[in-house]
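Enquirer: First, the structure itself, so that you have it in front of you.
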Amino acid sequence: MSQKGKSFDTWCVHAGWDGDPCTGAVNPPVYFTSTYKQEAPGKHKGYEYSRTGNPTRHALESAIATLEGARFGYAFASGMAAIDAVMRIMDKPLRVVSIADLYGGTFRLFERVYRPLGYEFWYAENNSELLQVIEKKKPDMVWIESPTNPLLSIVDIEEVAHTTRKVNPEGLVVVDNTFATPYLQKPISLGADIVVHSATKYLAGHSDVVLGAVVTDDDAMAEKIAFLQNAAGGVPGPMDSYLTLRGVRTLHLRMERHCKNAMVIAEFLNSHPAVQTVYYPGLPSHEGHTIATKQMRNYGGMVTFRLKDDTLDAAQVFFSRLQIFQLAESLGGVESLANHPAVMTHASFPREERIKRGITDGLIRLSVGIEDAEDLVADISQALEPLA
Ligand SMILES: *Cc1c(COP(=O)(O)O)cnc(C)c1O
């Protein structure tokens, strides 16, 4: 579909849909149908069966592709289903280089589903090690996230793509763009071959749906992902597709506010006596600040910090006092959430491994929502009071 306008903001509002051809409806109807009436065997309007294609899902797929600056998008029933499809793209067990700070669900899929099938994985601890491991292993695939979870480290996507291509022209670079969204960074324009999303997070944006996406600008890879989507069948239903597209319509506005609020909170925490370290790529003190400034439009809505009293007890005090921030897993919704990686999202790591990775007992991850910044700062301030 040709896109109206030249700006990302206009695409957020319009991409993927140009009025219903039958009724003119400005929003895509939620096509609750599994099958489609044919005029004669094989003579149909482009849709035969909803695993293969559904107009509501297609509107979403086309919109996400447009926002990532690519031609092809495919929606899946979850971010993990999208990631799983990408792992099967080459019809052989892959040799994959990735990062230690990987999303836990992706790590579990790699280690417990794909390693037993003969896949090999290496996880680099930092940017320079990542480039070295790529040079050494000449992998089939390099799988990265930036910013990472929960320490918000930044990976230089352009440099990784360049190095991968240099050592293996067939090597694929995959970027999980969940934390940044295409509002902040467009990995395909930085040299990535494939982008995956947990649209559950910022793209849908309202904590009301689980959905994933794969995006590519390469015809052969698109054909393969479309085949896997239909053959394995991990597709989202029309209602979830609709909810996600509905979220995408305000992505630019939400992201602008997420970033603005996150910066205010990061600066507040950075000068707070109860706080030891703040991890936010927007702070000049952050390791990845320079690369983030180069490859991102702004610094995102996630802020992580470590309490000076780096203990479970201190973290409990903080969480129990929060009024606006809700204690919950996940991220990227309009409402602010607080998460305790050591006990919640990263509890599956053995304690020593977790601490080695900086996920200490007093580490707290915030998904900063789009509420009023002063209200959010006041909430954090009163929750930290007994710890100061
Ligand atoms: C949540 C998440 C996933 C998994 O997505 P689901 O929609 O929960 O299946 C993958 N990658 C990242 C970075 C995530 O935050």
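Enquirer: Where in the chain lies the longest segment free of GluC sites (Glu not before Pro) that are both loop residues by DSSP (not H, G, I, E, B) and have at most 16 other Cβ atoms within 10 Å?
Expert: Segment 171-286 is the longest.
Enquirer: Taking the full set of protein chains and a 1.4 angstrom probe, give the accessible area of Y36 in square angstrom, rounded to the nearest 10.
Expert: It works out to around 40 Å².
Enquirer: I would also like to ask the following. Expressed as an acute angle from 0 to 90° and rounded to the nearest 10, what is the orientation of the C-alpha long axis of helix 373-384 relative to the principal long axis of the chain?
Expert: 50 degrees
Enquirer: Oh, and also: Please compute the modelled spin-label separation between L253 and F32, points set 7 Å along Cα→Cβ, answer in nm with one decimal.
Expert: 2.8 nm
Enquirer: Per residue, how big is the convex hull around the C-alpha atoms of the stretch 181-329? Give it to me in cubic angstrom, could you? Present the calculation step by step, with values, prior to reporting the outcome.
Expert: Values: hull volume 22.1 nm³, N = 149.
Convex hull volume per residue, Cα atoms: 149 Å³.
Enquirer: Suppose only helical runs count, i.e. DSSP H with n ≥ 4. What mean residue ellipticity at 222 nm does that imply for the chain under -39500 (n - 2.57) per run, divided by all residues and rounded to the nearest 500 deg cm²/dmol?
Expert: Details: 14 runs with 140 residues, N = 388.
Helix-only estimate at 222 nm: -10500 deg cm²/dmol.
Enquirer: Another question about this same structure. Provide the descending list of Cα extents for the chain along its principal axes, expressed in whole angstroms.
Expert: Rounded to whole Å, the extents work out to 74, 49, 35 Å.
Enquirer: Considering only DSSP beta bridges whose two residues both sit in the stretch 8-248, what percent are antiparallel, to the nearest 5? Intermediate values should be presented prior to the final figure.
Expert: Numbers: 12 of 28 bridges.
In the stretch 8-248, approximately 45 percent of DSSP beta bridges are antiparallel ones.
Enquirer: If packing is taken as the average count of other Cβ atoms within 10 Å, what order do 289-301, 177-189 fall into, highest mean first?
Expert: Values: 289-301: 20.7, 177-189: 25.0.
Ranking the peptides 289-301, 177-189 by packing returns 177-189, 289-301.
Enquirer: Hey, another quick one. Suppose all protein chains stay in the model; what accessible area per residue would a 1.4 Å probe give for the stretch 252-387, in Å²?
Expert: Details: 5860 Å² over 136 residues.
So the stretch 252-387 comes to 43 Å² accessible per residue, rounded to a whole number.
Enquirer: Hey, which of these cross-link pairs are over 24 Å Cα-Cα: K136/K224; K137/K186; K201/K260; K260/K294; K186/K356? Kindly include the intermediate steps, with their values, before the conclusion.
Expert: On the way: K136/K224 28 Å; K137/K186 26 Å; K201/K260 18 Å; K260/K294 18 Å; K186/K356 31 Å.
Flagged as over cut-off: K136/K224; K137/K186; K186/K356.
Enquirer: Can you give the net charge of the other residues whose Cβ lies under 15 Å from the Cβ of T164, counting K and R as +1 and D and E as -1?
Expert: Values: positive: R95, K136, K137, K138, R165, K166; negative: E129, E135, D140, D156, E158, E159, E170, D193, D218.
Here the count lands on -3.
Enquirer: Angle, helix 312-321 long axis vs. longest principal axis of the chain, Cα atoms, 0 to 90°, nearest 10?
Expert: That works out to roughly 70 degrees.
Enquirer: So, one more: Using just the alpha carbons, could you tell me how many Å³ per residue the convex hull of the stretch 252-387 encloses? Before the final figure, lay out the partial values.
Expert: Details: hull volume 14.1 nm³, N = 136.
In the stretch 252-387, the Cα hull volume divided by residue count equals 104 Å³.
Enquirer: With a cut-off of 8 Å between alpha carbons and a minimum separation of six or more residues, what is the relative contact order of the chain in percent? Write out the running numbers ahead of the final one.
Expert: Working: 784 pairs, mean separation 62.5, N = 388.
Over the chain, the number comes to 16 percent.
Enquirer: Could you estimate the translational diffusion coefficient of the stretch 1-121 from the Stokes-Einstein equation, with Rh from the Kirkwood formula over C-alpha pairs, at 20 °C and 1.002 mPa s, in whole µm²/s? List each step's numbers first, then the result.
Expert: Details: Rh = 17.4 Å.
It comes out at roughly 123 µm²/s.
Enquirer: With point charges of +1 on the Cβ of Lys and Arg and -1 on the Cβ of Asp and Glu, referenced to the Cα centre of the chain, which listed residue (F72, A82, L130) lies farthest in the positive direction of the dipole?
Expert: Farthest towards the positive end: F72.
Enquirer: Ok, one more. Give me the angle, in degrees from 0 to 90, between the Cα long axis of helix 55-67 and the longest principal axis of the Cα atoms of the chain, rounded to the nearest 10.
Expert: 60 degrees
Enquirer: Given charges of +1 on the Cβ of Lys and Arg and -1 on the Cβ of Asp and Glu, with all other atoms neutral, how large is the dipole of the chain about its Cα centre, in debye to the nearest 20? Don't skip to the end; give the middle numbers.
Expert: Values: 37 positive and 46 negative charges, 162 e Å.
In total the dipole reaches around 780 debye.
Enquirer: Turning to a different aspect of this structure: When the accessible area of the stretch 277-388 is split by element with a 1.4 Å probe, what percent falls to carbon and sulfur? Before the final figure, lay out the partial values.
Expert: Details: 2420 of 4810 Å².
Here carbon and sulfur together make up 50 percent of the probe-accessible area.
Enquirer: How high is the relative contact order of the stretch 252-387, given as a whole-number percent (alpha carbon pairs under 8 Å, six or more residues apart)? Don't skip to the answer; put the middle values down first.
Expert: On the way: 227 pairs, mean separation 40.3, N = 136.
30 percent.
The values are calculated or read from the model by the stated rules, or taken from the named source; none is laboratory data. Keep in mind it's a predicted model, so treat the numbers as computed, not measured. Every residue, glycine as well, gets a Cβ built from its backbone with ideal geometry; the counts of neighbours run over all protein chains shown. These accessible areas exclude ligands, DNA and RNA; they are computed on the full protein's heavy atoms, side chains included. Shrake-Rupley method; radii C 1.70, N 1.55, O 1.52, S 1.80 Å.
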